[in-house]
Amino acid sequence: MLLRSAMDEWQQALNEAVKRLRAWEDRWDDRETPVADEATQRALIALTERLQDNFPFFHPRYAGQMLKPPHPAAWVAQAVTSLINPNNHALDGGPATAQMEKEAIGELKRLFGWPKEALGHLTTGGTMANLEALWVARELHPTRGVAYGRNAHYTHERVCRVLGIQGHAVPCDASGRMDLESLDQLLDTEPIGTIVVTPGTTGLGAVDPVHKVVQRAHARGIRVHADAAYGGFFRLLAERNPPAVDAAPFLALAKVDSLVVDPHKHGLQPYGCGAVFFKDPTVGRFHAHDSPYTYFSSDELHLGELTLECSRPGAAAAALWTTMRAVPFRPHEGLGELLAAGRRGALAWAEALQEDAKLRLLLEPATDILCFGARSPRQASELSAQSQRLFEETGRAEPGQDLHLAMIRLGRDEVEPHWPELAWDQDTVTLLRSVVMKPQHENWWPRLHEAVRSHVR
């Protein structure tokens, strides 16, 4: 009932915003207004029926992948701006939203402790942002390779192949972080131009020791790129007093050479809204190009002159800009408190799992991702089968009793340090994985915990 009431209020806000925009449109009174004919109405009804074939991403019972609803201010802003459909490539394609993008990027630079002169812009997501970052890395060091943790997102290995760069996967330690000794050995034997660190992996939620990697890399003249697509906003928690996460890796994001963050993950935005930043503004020379039919409306630098992508939705910039004003991106209020609630929920659930007789936690969460499995299995194959069964049975429960988790497949070297008595009759093991990223999870985790326990045999 509360959800329905809130949606009604935001529907009114959307209607009011559209009304105000229509008043602006009425200055051009000779336009033709599209009519919602019967075919359109039937199509929209069919759409709403098809959309019900989804998991309840909006509800705290969904604790599987990195999915949560955007802030209502974001989807209202995006919907209203989409009526105009601006393109944030050239300034004449989106004068208002281009300025909003610059202001939003400025706030993100301040959040990460970056200088004003650093380059940055929005992208359609983390994959595109990382592609651009590694493209710049290749242009700066065309004969050197890129090192990334074996824990890194698969996009780095794939992007290296796309760009023709030699990629090197660095082994991880028992906590799922880039292993520094292995990194040192690689740097001693291979020509590396850029090291990719991940402060918040998408599998275990592990946080690479960014501060220690930066120190090593810069001493050797090597660049550091931070793929903070998932974990970047946890810097807000690092700035809390006391810090709600291990602060050093996140504070060190101020010292990396390039950085990616995805507002469509923890930043309350709809898909797709990513961002990429470069500390050295002179790398903009690699983006230089000429276009015979754009960039004429202003002598000011157009965003398209500093982006790898061309057409980009101005509505995404408007949504982020609006959200930043509705929910301040600050450590002790707004987004910081929303992230802290999820983090508290993850820590509380982790403590319960450590003490549980039926379930077992793999390792203490560094962010808000938990990996766990049934405690009783003695063999890797049996543990994997139990995880698969729990995943299926909890998701098939009656509506209101269902629970939606995810799974993760891990190698022996990742699990054995924490589960030494497990017999390895196969090379990998599958565990349950939960992303506790909604603030409601702070109060909901006990129900999720009991729902899983009730299915353990």
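Here TRP75 meets the list (1) surrounded by fewer than 20 Cβ atoms within 10 Å (Cβ to Cβ); (2) of a type in the set (Phe, Trp, Tyr); (3) assigned to a loop (DSSP other than H, G, I, E, B) almost entirely, failing just condition (3).
Residue count for the stretch 255-277, restricted to those that are open to solvent by 10 Å² or more (accessible area, probe 1.4 Å) and over 9 Å from PRO70 (Cβ atoms): 4. Just to be sure before I move on: is LEU108 more than 18 Å from CYS310 (Cβ to Cβ) and not small (Gly, Ala, Ser) in the structure I sent? So LEU108 passes the test.
Residues in the stretch 348-400 that are under 28 Å from ARG177 (Cα atoms), among the acidic types (Asp, Glu), surrounded by fewer than 20 Cβ atoms within 10 Å (Cβ to Cβ) and touching a residue at least 40 places away in the same chain (Cβ under 8 Å): ASP356 only. Each residue in the stretch 48-62 was checked for being open to solvent by 100 Å² or more (accessible area, probe 1.4 Å) and either in contact with a His (Cβ under 6 Å, 6 or more places away or on another chain) or closer than 13 Å to ASP402 by Cα (or both), and 1 pass. Against the list (1) open to solvent by 20 Å² or more (accessible area, probe 1.4 Å); (2) touching a residue at least 24 places away in the same chain (Cβ under 8 Å), the condition GLY205 fails is (1).
Of the residues making up the stretch 412-422, those that are surrounded by fewer than 20 Cβ atoms within 10 Å (Cβ to Cβ) and either under 12 Å from SER384 (Cα atoms) or among the acidic types (Asp, Glu) (or both) are ASP413, GLU416, GLU421, LEU422. Against the test of being at pLDDT 90 or above and in a loop (DSSP other than H, G, I, E, B), the options PRO34, PRO60 yield a single qualifying residue, PRO60. Among the residues of the stretch 403-457, those that are within 26 Å of the chain's Cα centre (by Cα), assigned to a strand (DSSP E or B) and of a type outside the set (Ser, Thr, Tyr) comprise HIS404, ALA406, MET407, ILE408, ARG409, LEU410, GLY411, VAL429, LEU431, LEU432, ARG433, VAL435.
Output the number of residues of the stretch 92-112 satisfying the condition of being among the basic types (Lys, Arg) and surrounded by 15 or more Cβ atoms within 10 Å (Cβ to Cβ).
Our first condition is that a residue be among the basic types (Lys, Arg); within the stretch 92-112, this holds for 102, 109-110.
Subset that is surrounded by 15 or more Cβ atoms within 10 Å (Cβ to Cβ): 102, 109.
Adding up the residues that qualify gives 2.
Contact map, the stretch 430-445: first residue within 19 Å of ARG409 (Cα to Cα) and open to solvent by less than 40 Å² (accessible area, probe 1.4 Å), second residue polar (S, T, N, Q) and part of a helix (DSSP H, G or I), Cβ cut-off under 6 Å, separation 6 or more or different chains; pairs are THR430/SER384; THR430/SER387; LEU431/SER387; LEU432/SER387.
Considering ALA23, ALA6, ALA43, which residue is at pLDDT 80 or above and assigned to a helix (DSSP H, G or I)?
The conditions single out ALA43.
Conditions (1) at positive phi; (2) at pLDDT 90 or above; (3) not aliphatic (A, V, I, L, M), marked per residue:
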site	(1), (2), (3)
HIS266	no, yes, yes
ARG285	no, no, yes
TYR295	yes, no, yes
HIS332	no, yes, yes
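For the subset of the stretch 401-411 comprising residues that are closer than 24 Å to PHE55 by Cβ and not charged (D, E, K, R), which member is surrounded by the fewest Cβ atoms within 10 Å (Cβ to Cβ)? Talk me through it step by step, then tell me what you get.
Initial filter on the stretch 401-411 (closer than 24 Å to PHE55 by Cβ): 401-410.
Going one step further and asking which of them are not charged (D, E, K, R), we end up with 401, 403-408, 410.
Values: GLN401: 12, LEU403: 24, HIS404: 20, LEU405: 23, ALA406: 18, MET407: 17, ILE408: 19, LEU410: 21.
Out of the qualifying residues, it is GLN401.
Report, by residue number, each residue of the stretch 120-131 that is out of contact with any helix residue (DSSP H, G or I) (no Cβ under 7 Å at 6 or more places or on another chain) and surrounded by fewer than 24 Cβ atoms within 10 Å (Cβ to Cβ). Before the answer, list the steps.
Within the stretch 120-131, the first condition is being out of contact with any helix residue (DSSP H, G or I) (no Cβ under 7 Å at 6 or more places or on another chain), and the residues that meet it are 124-126, 128-129.
Selection gives THR124, GLY125, MET128.
A single entry from GLY167, GLY149 fulfils the requirement of being within 18 Å of PRO249 (Cα to Cα) and crowded, with 17+ Cβ neighbours inside 10 Å: GLY149.
The values are calculated or read from the model by the stated rules, or taken from the named source; none is laboratory data. What you see is a predicted model, and the numbers here were worked out from it, not measured in a lab. FYI the Cβ positions are ideal-geometry reconstructions off the backbone, even for glycines, and counts take in every protein chain you see. In case anyone asks, the SASA skips ligands and DNA or RNA and just uses the protein heavy atoms, side chains included. Shrake-Rupley method; radii C 1.70, N 1.55, O 1.52, S 1.80 Å.
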